Amino acid sequence: MKTSFLMTPGPTQVPPRVSLAMAQEIIHHRQPAFGNILKNVSEKLQKVFQTQNDVLIFPGAGTGAMEGAVVNFFSPGDKVVFGVIGEFGDRWAKIAEIFGLQPIRLGGEWGKAVTARDIDLLLSSDAGKGVKGVFITHNETSTGVYSDLESIGEVCRKHNVLFLVDAVSSLLAIDCKTDAWGVDVVITASQKALMTPPGLCFFSVSPKAWEYNKAAKCPRYYWDLASALKSLKKPMPENPYTPAVTLIFGLNEALDMIMTEGLDQIFTRHLKLSKMFRTGVETLGLELFVKDEKIASPAVTSIMIPEGIEAGKITGFFRNNGIVIAGGQAQLKGKVIRVGHLGYVDAFDISNTIITLGRAFKSQGKVLNVEAAVAKAWEVYDRD
Ligand SMILES: Cc1ncc(COP(=O)(O)O)c(C=O)c1O
């Protein structure tokens with residue numbers, strides 16, 4: 001039997017209930033039946049985003065939402081700040097460059113976080129004069145570091161700049177109080193903690209961001225959020241173009257599961273599972289890439305590959321044994337492996353991953369104490 005169980009930082013496992021919901025017969029997207037679903041989904045999304053803002057849904061990858069967040073609120077020549085502590089922060093700054101913005105990259109060292117203090121210092125300096133927006137990757141998936149949005153939000157308010165957050169791999173895995181923390185734009189995608197297959201992306205847009213939108217001169221057509229809002233506000237909500245109807249059926253079901261479990265329980269589950277996994281990895285005798293627990297992501301863990309072991313052999317062993325994990329990206333390629341523990345995941349999945357890590361390293365001649373690792377991991381899980 002061939003299985004392909006996803007322990008990657010996305011896409012993630014899709015619950016059978018969600019798959020079943022997507023087996024429904026297709027309906028037309030300009031009829032009340034679909035409008036009602038869209039209305040229902042939008043209301044549940046507001047709860048997940050913890051916002052009163054309208055949440056816009058587009059067919060697209062997370063990268064599309066990154067582009068949408070640049071072109072809808074800024075104009076060529078605008079000075080903006082990007083927290084760059086890994087691949088995804090860097091990608092966002094590159095998109096801004098392509099559209100003629102002037103990004104200031106803050107951070108740089110992979111594995112570290114950009115702090116509110118770093119941003120405050122920059123915005124208070126001459127270099128920070130005239131900055132219009134701050135872009136932060138909530139969970140840097142390439143390293144496994146997460147940023148403190150609450151304190152960064154305070155700094156953005158103090159300096160009156162727009163605060164934009166890439167929550168593609170964090171929404172639901174890590175708390176994101178959009179309104180309470182003053183996050184003006186939050187983007188995410190379906191294939192992570194939302195437990196839905198790849199193909200949908202989302203924008204939460206604050207009233208302040210809509211003001212920016214009116215002045216923004218970057219070219220846009222498909223990603224025009226104002227046109228998406230207009231369609232959503234019709235008496236029977238719509239999308240401007242053909243939506244991914246089937247994925248929205250799936251999302252609707254996933255959101256019901258999320259509402260039943262409850263946001264606080266979901267955040268706690270992710271935290272417990274990440275602690276369990278980090279304990280297992282350390283007890284195996286492997287090195288965590290992010291050692292500081294205060295910034296260690298509840299959604300993804302990077303593990304250093306010891307000297308003499310090929311990372312590709314470890315990920316290959318996993319693949320041949322029915323589990324998919326990820327390798328390192330860009331400067332971390334070959335140096336780390338990454339395990340995602342977000343979305344539809346529980347302690348048994350973590351336990352199996354720890355066992356498979358032990359077996360994978362054994363296949364490369366490195367014997368690790370799997371029994372101790374599993375025992376300690378469960379101890380931490382049961383204790384917390
Ligand atoms: C933090 C973050 N931002 C953006 C993206 C891009 O998403 P996509 O691959 O759907 O374009 C990812 C994908 O893993 C991500 O983890």
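Kindly indicate the residue of the range 93-139 that is under 18 Å from the mean Cα position of the chain (by Cα) and of a type in the set (A, V, I, L, M, F, W, C) and also nearest to residue 293 (Cα to Cα) among those meeting that condition. This residue is 113. Can you pull out the residues in the range 90-101 that are open to solvent by less than 10 Å² (accessible area, probe 1.4 Å) and either within 19 Å of residue 141 (Cα to Cα) or at pLDDT below 95 (or both)? Answer for the range 90-101, where residues must be open to solvent by less than 10 Å² (accessible area, probe 1.4 Å) and either within 19 Å of residue 141 (Cα to Cα) or at pLDDT below 95 (or both): 92, 93.
One line per residue, one yes/no per condition, for (1) surrounded by 16 or more Cβ atoms within 10 Å (Cβ to Cβ); (2) under 22 Å from residue 51 (Cβ atoms):
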position: 208; (1), (2): yes, yes
position: 212; (1), (2): yes, yes
position: 220; (1), (2): yes, no
position: 224; (1), (2): yes, yes
position: 245; (1), (2): yes, no
position: 257; (1), (2): no, yes
position: 261; (1), (2): no, yes
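Scan the range 20-45 residue by residue and report those that are more than 15 Å from residue 237 (Cα to Cα) and within 24 Å of the chain's Cα centre (by Cα). Within the range 20-45, 21, 22 qualify. For the range 320-356, the candidate set comprises residues that are touching a residue at least 60 places away in the same chain (Cβ under 8 Å) and charged (D, E, K, R); within that set, the residue that is nearest to residue 258 (Cα to Cα) is 346. The one condition from (1) surrounded by fewer than 18 Cβ atoms within 10 Å (Cβ to Cβ); (2) touching a residue at least 24 places away in the same chain (Cβ under 8 Å) that residue 287 does not meet is (2).
Contact annotation: residue pairs with Cβ atoms under 6 Å, 6 or more positions apart or on different chains, pairing a residue in the range 17-34 that is charged (D, E, K, R) with a partner that is open to solvent by less than 70 Å² (accessible area, probe 1.4 Å), are 17/253.
Restricted to the range 74-89, and to residues there that are in contact (Cβ under 8 Å) with a residue 40 or more places away in the chain and surrounded by fewer than 20 Cβ atoms within 10 Å (Cβ to Cβ), the residue that is nearest to residue 332 (Cα to Cα) is 87.
May I ask you to list the residues in the range 298-321 that are touching a Gly at 6+ places or on another chain (Cβ under 6 Å) and open to solvent by less than 10 Å² (accessible area, probe 1.4 Å)?
300, 301, 302
Every residue, every condition in (1) closer than 22 Å to residue 85 by Cα; (2) over 24 Å from the mean Cα position of the chain (by Cα); (3) among the basic types (Lys, Arg), yes or no:
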| residue | (1), (2), (3) |
| --- | --- |
| 308 | no, yes, no |
| 333 | yes, no, yes |
| 349 | no, no, no |
| 365 | no, yes, no |
| 377 | no, yes, no |
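When residues in the range 364-374 are screened for being open to solvent by 60 Å² or more (accessible area, probe 1.4 Å) and either modelled with pLDDT under 95 or of a type in the set (Gly, Ala, Ser) (or both), 1 of them pass.
The values are calculated or read from the model by the stated rules, or taken from the named source; none is laboratory data. Because the structure is predicted, anything quoted here is derived from the model rather than measured. Here Cβ is always computed from backbone atoms with ideal geometry, including for glycine, and neighbour counts include all displayed protein chains. Heavy atoms of the whole protein, side chains included, go into the accessibility calculation; ligands, DNA and RNA do not. Shrake-Rupley method; radii C 1.70, N 1.55, O 1.52, S 1.80 Å.
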